[in-house]
Amino acid sequence: MKILINTYQAAFITPGGGEVQLMKTYQALKNIGVDVELFDQWGSQLSKCDLVHYFSVFGGSLYFCQLVKNAGKKLAVSPVIWLDYMDKYPIGEIKAILDLADVIMPNSQMEADMLVSKLDLPKNKFVPVYNAVESEVFFNIDKTLFKNKYGFDKYILNVANIEPRKNQITLIDAMQNINIPLVIIGHIRDKEYFAECQKHIGYASVHFIEPFQHNSPELLSAYAGAELFALPSTLETPGLAALEAAAAGCKKLVITGIGSTREYFKESVSYIDDIMNKSELEKIINSKLSDQGSNNLSNYIRTQFSWENTAKMTKYAYEMGSGEL
């Protein structure tokens, strides 16, 4: 099979976990011998491929997916979505895309079950394919590099695009009585939300740092040196930055319980389900900071969620979607 990978046009203007997932899947597929290319809108690759793998169900994606099916090609879709509130999303378009798909590749069984239930989709269309980390880069990390560069002794870390879904305002509010700096690393996806974040700083010590290149020594050091990693998003599937923080050796994580996080992290992290409750988030962060227990989360994440494993499952999904299995 010849595979073509595509996503919505604006995806890489402010790339996040979904875009990392796309590029790492692409490279991992090539590494195991799959004939795969990235879509070029100026070319005519569609006629030469057997299957198109489309990442996301972002608004405006339906037309391209219809073109794929009208050309007689197989369609695989990685939705990368969690339908927490149905009225937030263009449900008709999302369902239309997934109805067109020959195989659907959610990031977890939980995501698959949710989509089956809420969109009345057949279970046999789904092959869960887990998100992953680049295992080999998480060894021998210099924990002092980030601290020395920015002059931090201790800090709580949030790595995420700055936008309402990542819920940094609630995190900043929860930090008002916690005497540790909060470091936020990420693209400003929503300028108005970023301005609101700054208004909420108050007594908290908050530092915004522009994003580093993915898997750069500075970013890996920031993960490894953090006292605690916090990701209280409105949803995650499961949050690539949380996986990376755990793989880098950060032992204390407080992450959203909304989405598929529990399928990945089990009981090794603390969850916040009432994600807009700043008092509850403050309580959970303080409890986690005082936790003296140890865990083997880093080794578990690096072993269980590798891009090689993801590529093998993706290849299996292609074969199923094309009718080869």
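The values are calculated or read from the model by the stated rules, or taken from the named source; none is laboratory data. This structure is a prediction, so every number in the text was calculated from the model and none was measured. Here the Cβ positions follow ideal geometry from the backbone for every residue, glycine too, while neighbour counts run over all protein chains shown. Accessible surface areas use protein heavy atoms only, side chains included; no ligands, DNA or RNA. Shrake-Rupley method; radii C 1.70, N 1.55, O 1.52, S 1.80 Å.
Numbers below:
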{"quantity": "Test result for ALA230, touching a residue at least 24 places away in the same chain (Cβ under 8 Å) and part of a helix (DSSP H, G or I)", "calculated": "no"}
{"quantity": "Looking only at the range 77-90, and only at residues there that are open to solvent by less than 40 Å² (accessible area, probe 1.4 Å) and of a type outside the set (Ser, Thr, Tyr), the one that is nearest to the chain's Cα centre (by Cα)", "calculated": "ILE81"}
{"quantity": "Qualifying residue in the range 211-218 (condition: surrounded by fewer than 18 Cβ atoms within 10 Å (Cβ to Cβ), under 30 Å from THR25 (Cα atoms) and hydroxyl-bearing (Ser, Thr, Tyr))", "calculated": "yes"}
{"quantity": "Residue in the range 32-40 that is touching a strand residue (DSSP E or B) at 6+ places or on another chain (Cβ under 8 Å), farther than 25 Å from TYR130 by Cβ and not hydroxyl-bearing (Ser, Thr, Tyr) present", "calculated": "no"}
{"quantity": "Filter result for the condition that a residue is closer than 27 Å to LEU83 by Cα and polar (S, T, N, Q), over ASN161, ASN140, ASN148", "calculated": "ASN161"}
{"quantity": "ASN179, sole failed condition from (1) part of a loop (DSSP other than H, G, I, E, B); (2) in contact with a Cys (Cβ under 8 Å, 6 or more places away or on another chain)", "calculated": "(2)"}
{"quantity": "Selection status of GLU192, open to solvent by 50 Å² or more (accessible area, probe 1.4 Å), farther than 16 Å from ILE272 by Cβ and in contact with a strand residue (DSSP E or B) (Cβ under 8 Å, 6 or more places away or on another chain)", "calculated": "no"}
{"quantity": "Unmet criterion (only one of (1) surrounded by fewer than 18 Cβ atoms within 10 Å (Cβ to Cβ); (2) aliphatic (A, V, I, L, M); (3) within 30 Å of LYS251 (Cβ to Cβ)) for LEU121", "calculated": "(3)"}
{"quantity": "Residue list for the range 249-273, restricted to those being of a type in the set (A, V, I, L, M), out of contact with any Lys or Arg (no Cβ under 9 Å at 6 or more places or on another chain) and open to solvent by less than 10 Å² (accessible area, probe 1.4 Å)", "calculated": "ILE255, ILE272"}
{"quantity": "Subset of the range 34-48 that is at pLDDT 95 or above and part of a loop (DSSP other than H, G, I, E, B) - its residue that is surrounded by the most Cβ atoms within 10 Å (Cβ to Cβ)", "calculated": "VAL34"}
{"quantity": "Matching residues, the range 99-111, being in contact with a helix residue (DSSP H, G or I) (Cβ under 7 Å, 6 or more places away or on another chain) and either surrounded by fewer than 18 Cβ atoms within 10 Å (Cβ to Cβ) or free of Cβ contacts under 8 Å to residues at least 60 places away in the same chain (or both)", "calculated": "LEU100, ILE104, GLN109"}
{"quantity": "Residue that is nearest to LYS73 (Cα to Cα) [pool: residues in the range 1-29 that are of a type in the set (A, V, I, L, M), modelled with pLDDT under 95 and touching a helix residue (DSSP H, G or I) at 6+ places or on another chain (Cβ under 8 Å)]", "calculated": "MET1"}
{"quantity": "Criterion violated by ASP87 - all others in (1) touching a strand residue (DSSP E or B) at 6+ places or on another chain (Cβ under 6 Å); (2) acidic (Asp, Glu); (3) free of Cβ contacts under 8 Å to residues at least 60 places away in the same chain satisfied", "calculated": "(1)"}
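One line per residue, one yes/no per condition, for (1) of a type outside the set (A, V, I, L, M); (2) out of contact with any Cys (no Cβ under 6 Å at 6 or more places or on another chain); (3) touching a residue at least 60 places away in the same chain (Cβ under 8 Å):
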| residue | (1), (2), (3) |
| --- | --- |
| ILE156 | no, yes, yes |
| ILE185 | no, yes, no |
| GLU192 | yes, yes, no |
| ALA204 | no, yes, no |
| TYR223 | yes, no, yes |
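Yes/no per residue for (1) surrounded by fewer than 17 Cβ atoms within 10 Å (Cβ to Cβ); (2) part of a loop (DSSP other than H, G, I, E, B):
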{"site": "CYS65", "(1), (2)": "no, no"}
{"site": "LEU75", "(1), (2)": "no, no"}
{"site": "ILE97", "(1), (2)": "no, no"}
{"site": "ASP113", "(1), (2)": "yes, no"}
{"site": "SER117", "(1), (2)": "yes, no"}
{"site": "VAL129", "(1), (2)": "no, yes"}
{"site": "ILE141", "(1), (2)": "no, yes"}
{"site": "LYS147", "(1), (2)": "no, no"}
